[in-house]
Amino acid sequence: MENDILLSVENLTVCYGKDVALQIESPILIEEGDRIGIIGSNGAGKSTFVKSILGLVNYQGSIRTRLTMDQIATHMQSNEYTDSMATKYIMEAILQTRISRSQKLQELIQYFEFEDCLRKKYSKLSGGQKQRFTIIMVMMQDAPLTIYDEVTSGLDFETRQRLVEKMVSWYRDRDSSLCIVSHYYEELEQLANKLLILDKGRVIDYGKKEELFRKYCGRAVIILNHSGEKEMLFQSYKKLASPAHLIALPCETEEKEREIISLLLAHNMDYTRSTTDIEMIYSNAKKCGGQQ
Amino acid sequence: MNGKKRQIITKYMISYEFRNVTGNPFVHIFGIGMPIFMAILISRIAVSEVSDAAVTRTISTTVFLGIGAMIPMATVLMGYAVRQAQDFEKGIPERMRLFGIRDCVTICNRAVSELIFMAAAFVLYFLAGILFMDLEVPVFSGIVLYILCILFFSILCFILGHAIAALAKRFSVTYCIVMMVYFALMILGGMMGISYESMPAAMQAAAKLLPVTYFNKDFITIWTGGNYNFVPMVQSYLFFGAAAGILLFIASRRRVRGI
């Protein structure tokens, strides 16, 4: 296994009873420094992929890694702890250190504003506090590969944003590799540099975000909120697959882009321009099933 | 943490597990309060019409030694099994494994914590016995054998408790099963008012297979250094151990097969 490859998955099949939950044929390589966003709708196989890597489900095929299990830190979708004691003691037992003796742990607790929660029992924490509790311990592991499985699910918008901001800032100057399962594409815009797109247990595509964008969306995309007027205005233009509330116009050339923008300005219409929009990548990759 | 080999028993894990043990209010009630209360109450009732001081002392000591077996039954069999099932239900062992804490680490630290709590419970029990009961002074071998027998019985309760929790996997089911086992052991062990001699033959046959019976029935002889045939008692330990071991084997097979 090459030095910069942390983990490789090939010819993987995971079945739950008679149903095939995940089937990966072409190799998926996770390299050092990769920040992989794993996306797909419910039942796509995202969590199954994570569980396979962690050996939590039976699978056929090959998962090769030079990492030992304690070099993979994981934040699962649901993380439960004992309720017999304050979170401080759980943290100290898991991390094998006293909080007062670990500068790094104190910094993380402060960074995630968890000081007031240390004396509370786990069940008394709010959803966001519970997530932060596990994140602190996962980050303390300082593992070469860290997996976050829907870390912000169930949190309100503000808590979610604050948590992601903290994570983005924490990992900005670090070289640890990440696998992030999420339904919130805006989080992955900030955290991921690669995407693994899954659908119904199959890999639609895997690669660098920018490359996938170019493959499925072209040079740039102008995104508008859907309206009848805009539909009429751009009826002769080529459109990309997009959610029903949006219109996505591909800009293959700069001239084309200028033409669209001029038209939008002339009609005083709002728009967004993107060269990395994950929602567009996902919609179009899914539409053509990875073949383009 | 990363790259550092985790020791099996550490002060942080012991402290964590000990908090887990003491965080369960039932072990304080059933593991400390109830044995002390029952030993004092039952011995008082039993000796109320006896005038001979020597007989009174023998009866009190018999009750005291028998009721003492309730401590491992409540703290280890019931307390541990229920907590373990609660953990299984919540997926805590899986979460711990993801943090690099292997099951054997959890179990070893849990066993040591249970032992510490049980030792503390016995200290309180003996203090109460010395203060409030008129007990026979034991011979040295008597007290050593009592400690050893309680220790072996506790280990078997630990195995049985773990097996029941691993098989049931749910708090409610485990609680129901261990409560039934607990009361069955109490009744057959002669702690609920029916002595071994007053039991019907079928009950006697079952009681003979349980170590608790011997704490109640015979331990006064060992305590005072009398002649005692250990074979039936050893057989009861072997039977109880085999039953617990078989259940544990089934539970571990089920786990391997992912059931």
*Under the definition of partner shielding as Cβ atoms of other protein chains within 10 Å of a residue Cβ, what is the mean value for peptide B:14-20?*
5
*asked:* Give the average, rounded to an integer, of partner chain Cβ atoms located within 10 angstrom of each Cβ in A:84-95.
replied: 5
*asked:* Taking 4 °C and 1.567 mPa s as the conditions, I'd like the Stokes-Einstein D for region A:33-147 in µm²/s, using the Kirkwood hydrodynamic radius from alpha carbon pairs.
replied: 82 µm²/s
*For the charge dipole of region B:11-256, defined by +1 on Lys and Arg C-beta atoms and -1 on Asp and Glu C-beta atoms about the Cα centroid, which residue among B:L160, B:Y237, B:A120 has the Cα displaced farthest towards the positive pole?*
B:L160
*Range of Cα positions in chain B per principal axis (Å), largest first*: 68, 38, 31
*Under a plain spin-label model, where a point goes 7 Å from the Cα along Cα-to-Cβ, how far apart in nm are A:R66 and B:F152?*
5.3 nm
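Sort B:W223, A:W170 so that the residue with the fewest other Cβ atoms within 10 Å of its own Cβ comes first and the one with the most comes last.
By the 10 Å Cβ count, ascending, the order reads A:W170, B:W223.
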*Beyond 42 Å, what share of the Cα-Cα pairs of the protein assembly as shown remains, rounded to the nearest whole percent?*
40 percent
*What percent does the relative contact order of region B:11-256 come to when contacts are Cα pairs within less than 8 Å and at least six residues apart?*
27 percent
*Taking H as built 1.01 Å from N, whose amide H comes closer than 5 Å to the amide H of A:H75, not counting residues under 5 places away?*
A:I147, A:Y148, A:D149
*asked:* Which one, B:A163, B:A53, B:A207, has the greatest fluctuation when you compute a Gaussian network model over chain B with C-alpha springs under 10 angstrom?
replied: B:A53
*Roughly speaking, what is the centre-to-centre gap between region B:53-98 and region A:187-236 when only Cα atoms are used, to the nearest Å?*
60 Å
_region A:1-121, dipole about Cα centre (Lys/Arg Cβ +1, Asp/Glu Cβ -1), debye to the nearest 20_ = 460 debye
*Treat region A:142-292 as a sphere of radius equal to its Kirkwood radius over Cα pairs and apply Stokes-Einstein at 37 °C in a medium of 0.692 mPa s; give the translational diffusion coefficient in µm²/s, rounded to a whole number.*
193 µm²/s
*Length gain on complete extension for the stretch B:V139 to B:V231, per 0.36 nm per residue less the alpha carbon to alpha carbon distance?*
31.1 nm
_If I take every Cα pair under 8 Å that is 6 or more residues apart in region A:220-274, average their sequence separation and divide by the length, what percent do I get for the relative contact order?_
50 percent
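Below 8 Å, C-alpha to C-alpha, sequence gap of six or more: please give me the relative contact order for chain A in percent.
For chain A, the relative contact order is 21 percent.
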*asked:* Just to verify a number: FRET efficiency for B:I130 and A:Y111, C-beta to C-beta distance, R0 = 51 Å, to 0.05?
replied: 0.40
_Summed side-chain charge close to A:G61 - residues other than A:G61 whose Cβ falls under 11 Å, Lys, Arg +1, Asp, Glu -1_ = -1
*Which percent, nearest 5, of DSSP beta bridges in region A:5-212 are antiparallel?*
55 percent
*Can you list the HN-Hα couplings for region A:170-186, worked out from phi with the Karplus curve (6.51, -1.76, 1.60; θ = phi - 60°), rounded to whole Hz and with x for Gly and Pro?*
5, 8, 3, 9, 10, 9, 5, 8, 10, 10, 10, 8, 7, 9, 9, 5, 5
_In sequence order, calculated HN-Hα J values of region B:165-178 (Karplus, 6.51, -1.76, 1.60; Hz; x Gly/Pro)_ = 5, 5, 7, 6, 6, 10, 4, 4, 5, 4, 4, 4, 5, 5
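Give the Kirkwood hydrodynamic radius (Å, one decimal) of chain A, defined as one over the mean of 1/r across all pairs of different Cα atoms.
Evaluated over chain A, this radius sits at 21.0 Å.
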*How well do other chains shield peptide A:65-78, expressed as the mean number of their Cβ atoms within 10 Å of each residue Cβ?*
3
*If each residue's Cβ is checked for other Cβ atoms within 10 Å, how do B:R95, A:R162 rank with the fewest at the top?*
A:R162, B:R95
*Describe numerically, in nm with one decimal, the distance between label points set 7 Å from Cα along Cα→Cβ at B:T224 and at A:D83.*
5.0 nm
_Order by protection proxy (mean Cβ within 10 Å, highest first), peptides A:247-253, B:109-115_ = B:109-115, A:247-253
*Based on DSSP H runs of at least 4 residues, each adding -39500 (n - 2.57), what is the mean residue ellipticity at 222 nm of the protein assembly as shown after dividing by all its residues, to the nearest 500 deg cm²/dmol?*
-16500 deg cm²/dmol
*Roughly how big is chain A's charge dipole about its Cα centre, with Cβ charges of +1 (Lys, Arg) and -1 (Asp, Glu), in debye to the nearest 20?*
600 debye
*Would you please give the residues with an amide H less than 5 Å from that of A:D34, counting only those at least 5 places away or on a separate chain, with H modeled from the backbone geometry?*
A:L178
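If you take every residue apart from A:D175 with its C-beta less than 13 Å away from the C-beta of A:D175, what net charge results, scoring Lys and Arg +1 and Asp and Glu -1?
Values: positive: A:R35, A:R172, A:R174; negative: A:D4, A:E31, A:E32, A:D34, A:D142, A:D173.
Taking every Cβ under 13 Å from that of A:D175, the sum is -3.
Computed from the coordinates by the stated procedures, all read-outs in this text should not be read as laboratory data. Note that this is a predicted model, so its numbers are computed, not measured. Cβ coordinates were reconstructed from backbone atoms using ideal geometry, including for glycine residues, and neighbour counts include every protein chain displayed.
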